[in-house]
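Data first, discussion second: the structure below is written as structure tokens.
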Amino acid sequence: METSAVVSLIVGLLIFGGGFLWSATIATRKKGWK
Amino acid sequence: MRERWTWRGAFIVAAIGSAVGLGNLWRFPYVVYDSGGGAFLIPYLVALLTAGIPLMMLEFTLGSRFLGSAPLAMKRAKPSFEFVGWWAVLAGFGIITYYAAILGWSLRYLWGAFTLEWGADAGNYLFDKVLQLMPVLEAEAYGSLSGISTELIIPFIIGWLAIFLVVFSGIRGLGRVVMVTMPLPFLLILILMVRGLTLPGAVDGLNFYLTPDFTALANTQVWLAAYGQVFFTLSLAMGILIAYASYLPKDSDISNNAFMTSFADALTAFLGGIAVFTTLGYMAGQLNVPVGEVVASGVGLAFVAYPEAINLMPVAPAVIGVIFFVTIFTLGLDSAFSLTEGVVSAVMDKFSLSRRLAAVLVSGLAFLIGLIFVSRGGLLWLDQVDHFINNFGLVTIGLFTCLLIGWGYGAHKIRDQINEHSEVKIGVWFDICIKFITPIVLIILLVLNFIDRIQTPYEGYPAFMQIVGGWGLIAFLFLLGIIFMLFKGRESSAGVDDTSEADKKEV
């Protein structure tokens, strides 16, 4: 696989997956899910 | 007394389920491939942060602050704004009439997947057997309905029964159902992705999908594609998010809810792209052709290219087929619930109807109109109506929402209301996005689409289709929105709390 495609894959996962985990973590830590 | 989500998680899952739809699997991957590959992630993230998330926060705030469906929430912001709420609801109604037809297709394909019924020529299977469109095309009778497709009517009815029963059961019932129908397609996409990644040729597909072309960033069309994709994927301007948020408690964390929903939507689309392109890479390898020759999007991807790729699977192709069409069906189902709920809640608010009666009326009318789209000539009408509602209807509604709320009501008031109960505080950038960036982008999209359509009729369809399913339809929906606003309903003023800190500051 081309290096630039691998980098894009990792960056995409970090941005979108990381963004979701970051916001879900805030939800869990602060206001909670109730 | 307004209904309430049983817990915050139900709202989040329902909002994600609404945003994550068919477009995540059949549109996003193609747009990425077509707009610079991995480089497209940059404009997409920018569009998400400057248009998608701010507009989603705005809609969540309107719903939770004014405790009403889109028309009622807009009316409570300022009485003369009600028509925009109706435009959004009517556009959502228009979409659900044909969206349910696509659910019917996916159910029909799910049935056929057990035996790989589509055979070697999936295109012929779709157009001739399932849609029964070929006689219409051969006779060049564009616009003719030519009777209902006998293959689609039963799946269409089953799809509508599922939508109706869930909306009929109320917000609590919907909250329970989406706990299954939202995570399920996500898990199935993961399974399809793992299957795709383990196939020979997957790397070629991924290279096609993600190899960045940074010169694309200099192309205005790529940036507009990013804003267009963000706008269409997040269920904005359809009255859905306002209705869903109206069932939230007032102290909800709006900014966090919006971030979570938007990133979950983007993540699903990104992973969906991996599932699609690894499989297409494999297919290209098996056929000994470049990946570019098998790449497709929309209906062509889901109902022609992917089934043909399934035929070539080395192990248990029928299982992959079933998984894929369960994914397609459940992806669309949550979005269908939300579209119907947006209309039902507006009808309940305006006419003081019970949920059950509103659900019967809305679902019944949408079902009857939807018969057009399961007719033999229905695909052409679906294509026409979808193009105009998306590119002219939703873009105009989004523009008016930004202008009226941003300038007329006050973006700063919305921001204050968001910050009252949110952990992540929103800065003045929110005002800039709502008052300037998003409207400017939407105006550009609208003007470009308009010029395009004036120069060439969409898909070369005949003039009466352009009028009835295009310009006339949009004009009719907008006129109907104004009539609904002028019609004095029977909604009560109960439920609005005028004691928020943001309002006190205004006094």
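The values are calculated or read from the model by the stated rules, or taken from the named source; none is laboratory data. None of the values given here were measured: they were computed from a predicted structure. Cβ sites come from the backbone with ideal geometry, for glycine too, and all protein chains shown count toward neighbours.
For segment B:60-111, taking the residues that are buried (at least 24 other Cβ atoms within 10 Å of the Cβ) and outside any helix (DSSP H, G or I), the one that is farthest from the chain's Cα centre (by Cα) is identified as B:GLY68.
Within segment B:154-174, residues that are free of Cβ contacts under 8 Å to residues at least 40 places away in the same chain sit with their Cβ atoms under 7 Å from residues that are surrounded by 14 or more Cβ atoms within 10 Å (Cβ to Cβ) and part of a helix (DSSP H, G or I), at 6+ positions apart or across chains, in these pairs: B:GLY173/B:VAL166.
For segment B:427-475: of the residues being assigned to a helix (DSSP H, G or I) and among the polar types (S, T, N, Q), which is farthest from the chain's Cα centre (by Cα)? Among them, the one singled out is B:GLN455. Does any residue of segment B:41-55 turn out to be crowded, with 21+ Cβ neighbours inside 10 Å, within 12 Å of chain A (Cβ to nearest Cβ) and in a loop (DSSP other than H, G, I, E, B)? Among the residues of segment B:41-55, not one is crowded, with 21+ Cβ neighbours inside 10 Å, within 12 Å of chain A (Cβ to nearest Cβ) and in a loop (DSSP other than H, G, I, E, B), which makes the answer no. No other residue among B:LEU248, B:LEU236 is part of a loop (DSSP other than H, G, I, E, B), more than 23 Å from B:GLY36 (Cβ to Cβ) and either within 17 Å of the chain's Cα centre (by Cα) or at the interface with another protein chain (Cβ under 9 Å from one of its Cβ atoms) (or both) apart from B:LEU236.
Could you please give the count of residues in segment B:340-378 that are among the polar types (S, T, N, Q) and closer than 19 Å to B:ARG172 by Cβ? Total meeting the criteria: 4.
Check segment B:404-416 and report whether any residue there is surrounded by 15 or more Cβ atoms within 10 Å (Cβ to Cβ), modelled with pLDDT under 95 and more than 22 Å from B:GLY143 (Cα to Cα). No; the residues of segment B:404-416 include none that is surrounded by 15 or more Cβ atoms within 10 Å (Cβ to Cβ), modelled with pLDDT under 95 and more than 22 Å from B:GLY143 (Cα to Cα). Taken as a whole, the condition of being within 14 Å of another protein chain (Cβ to nearest Cβ), at pLDDT 95 or above and over 25 Å from B:ASP34 (Cα atoms) does not apply to B:PRO212. I'm trying to understand the selection: among the residues of segment B:174-198, which are over 22 Å from the mean Cα position of the chain (by Cα) and surrounded by fewer than 22 Cβ atoms within 10 Å (Cβ to Cβ)? Matches in segment B:174-198: B:ILE191, B:MET193, B:VAL194, B:ARG195, B:LEU197, B:THR198. No other residue among B:PHE270, B:PHE259, B:PHE329 is within 14 Å of chain A (Cβ to nearest Cβ) and farther than 18 Å from B:TYR30 by Cβ apart from B:PHE259. Here is the figure for segment B:421-441: residues that are within 14 Å of chain A (Cβ to nearest Cβ) and surrounded by 16 or more Cβ atoms within 10 Å (Cβ to Cβ) total 4. Within segment B:25-40, the set of residues being closer than 18 Å to A:SER4 by Cα, more than 11 Å from chain A (Cβ to nearest Cβ) and part of a helix (DSSP H, G or I) comprises B:PRO29, B:TYR33, B:ASP34.
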